[in-house]
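Q: Quick one: this structure, given as structure tokens, is what I'll be asking you about.
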Amino acid sequence: MKPDSRLSNIDLLRVLSMFLILLTHCIQYGTVWCAYEGVNMDSLWAITDWAVMYWGFFLASVGVNCFVLISGFLLAERTDYRWKSAARTWLSTFFYSFFICLLFVLLGKASARELFHYAFPVYSDVYWFITQFIGLTVLSPFLARLVVTLSKREYQIMLVVLAVMNLRLFKFPYGAIYGGPQTIVWFVFLFFVGAYVRKYRPFGSFRHFGKCYVAFGILLASAYMAIQVALYFKDGKPFDYGNTFNNSFTFLTAFLLFMWAVNHTVREKSVPAFISKAAPFALGVYLI
């Protein structure tokens, strides 16, 4: 397929989203989970690292949301059935899940029982993201039919209803009850948001989404750090790591980055071809 410069920005965001997902895992497993005893308040370097990791984590935690928003944007009017696409994703997931686990079994680091578990990665929910994403892929042609047939007003009402059922801003309104940050209901909401942007191009005259994304992400992380500092001086509670998950303030940060990509233009002629070739490998890198 000839690279389309108009969609190269979306492919760029796809690659960036997978990189951000990897980055959040590195931060989470390398620093956050290792810091439950708190940050050493006597070390300036420890406090500095804590702040930098906080900012990085909040800016990078948008990866999952952006990846699903992209799916809605690209599949907004694709009403054809997506069985082959779902099957390819499942096969890719099985390949990496099974054979990496097999390697660990041969090295004596995993059991045969675990190998059986990883042989059915979707059923066993080895990768929660892939499990929900395959479900969304199967549902996408039916969701796209709604995108095509609903009037703009009906579409907006549906988005409001889904937002109320999914968003969780300080445990309000109903995101913790209906949606949850790792459910197909949340992915459906993101799909419709991405499709709405593709169909109606809202905020078309605004050109500062990238700056807003960085500013809001840093401001949000700083607010959570301020809460940690306040608790430290009030109760002596050690510094820890707090975060907002997919269906909270993270959605707003992700939407800003997504809108930056939608309205951004890749001008270099060589970039679209490179991104077009690299984008299909993003999911494989995540699985590894």
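Throughout, read-outs are computed from the coordinates displayed, never taken from laboratory work. Since this is a predicted model, take the numbers as computed values, not measurements. Cβ: placed from backbone, ideal geometry, glycine included. Neighbour counts: every protein chain shown.
Q: Mind checking which helices in the chain clear 30 Å along their axis (Cα) and have mean Kyte-Doolittle hydropathy of -0.5 or more, DSSP H runs only?
A: Answer set is 5-27, 83-106, 128-149, 209-235.
Q: Grab the DSSP H runs of the chain that are 4 residues or longer, score each as -39,500 (n - 2.57), total them, divide by all residues and round the 222 nm result to the nearest 500 deg cm²/dmol.
A: Rounded to the nearest 500, it is -22500 deg cm²/dmol.
Q: In addition: Across the chain, how many lysine pairs separated by 8 or more positions, or lying on different chains, have Cα atoms within less than 24 Å?
A: Lysine pairs meeting both conditions in the chain amount to 9.
Q: Return one quarter of the surface area of the convex hull spanned by the alpha-carbon atoms of region 21-174, equal to its mean projected area, in nm².
A: So the mean shadow area of the Cα hull is 13.2 nm².
Q: If you wrap a convex hull around the Cα atoms of region 166-225, how much volume per residue is inside, in Å³?
A: On the way: hull volume 6.7 nm³, N = 60.
Cα convex hull per residue, to the nearest whole number: 111 Å³.
Q: Out of T137, T244, T149, any idea which swings most in a Gaussian network model of the chain, alpha carbons joined below 10 Å?
A: T149
Q: On to the next question. Tell me which chymotrypsin sites (Phe, Trp or Tyr not before Pro) from region 148-200 have a DSSP coil assignment and no more than 10 other beta carbons within 10 Å of their own.
A: Here the sparse-neighbourhood loop sites are F170.
Q: Right, here's the next one. Mind checking Rg over Rh on region 81-152, alpha carbons, Kirkwood formula for Rh?
A: Expressed as Rg/Rh, it is 1.20.
Q: Can you pull out the trypsin sites (Lys or Arg not before Pro) in region 95-147 that DSSP calls coil and that have at most 12 other Cβ atoms within 10 Å? Can you show the working numbers first?
A: Working: sites: K109, R113, R145; in loops: K109.
In loop regions of region 95-147 (DSSP not H, G, I, E or B), the sparsely surrounded trypsin sites (Lys or Arg not before Pro) are K109.
Q: To continue, here is another question. At what distance in nm do the modelled label points of A226 and R153 sit from each other, each positioned 7 Å from its Cα along Cα→Cβ?
A: Here the modelled spin labels are 4.1 nm apart.
Q: Would you kindly work out the equivalent ellipsoid of the chain from its C-alpha gyration tensor and give its semi-axes, the square roots of five times the eigenvalues, largest first in whole Å?
A: Three semi-axes, in Å: 31, 27, 20.
Q: Loop only per DSSP, at most 14 neighbouring Cβ atoms within 10 Å: give me the trypsin sites (Lys or Arg not before Pro) in region 154-253, ordered by residue number. Can you show the working numbers first?
A: Working: sites: R168, K171, R198, K199, R207, K211, K234; in loops: R168, K171, R207.
Hits after loop and neighbour filter: K171, R207.
Q: What residue among V147, V126, V193 has the largest mean-square fluctuation in a Gaussian network model of the chain, using Cα springs under 10 Å?
A: V126
Q: Along the positive direction of the dipole of the chain (beta-carbon charges: Lys, Arg +1; Asp, Glu -1; about the Cα centre), which of M53, Y81, F209 reaches farthest?
A: Highest projection toward the positive end goes to Y81.
Q: Among F57, F95, F116, determine the one that fluctuates most according to a GNM of the chain built with springs between C-alpha atoms less than 10 Å apart.
A: In this elastic network of the chain, the residue with the biggest mean-square fluctuation among F57, F95, F116 is F116.
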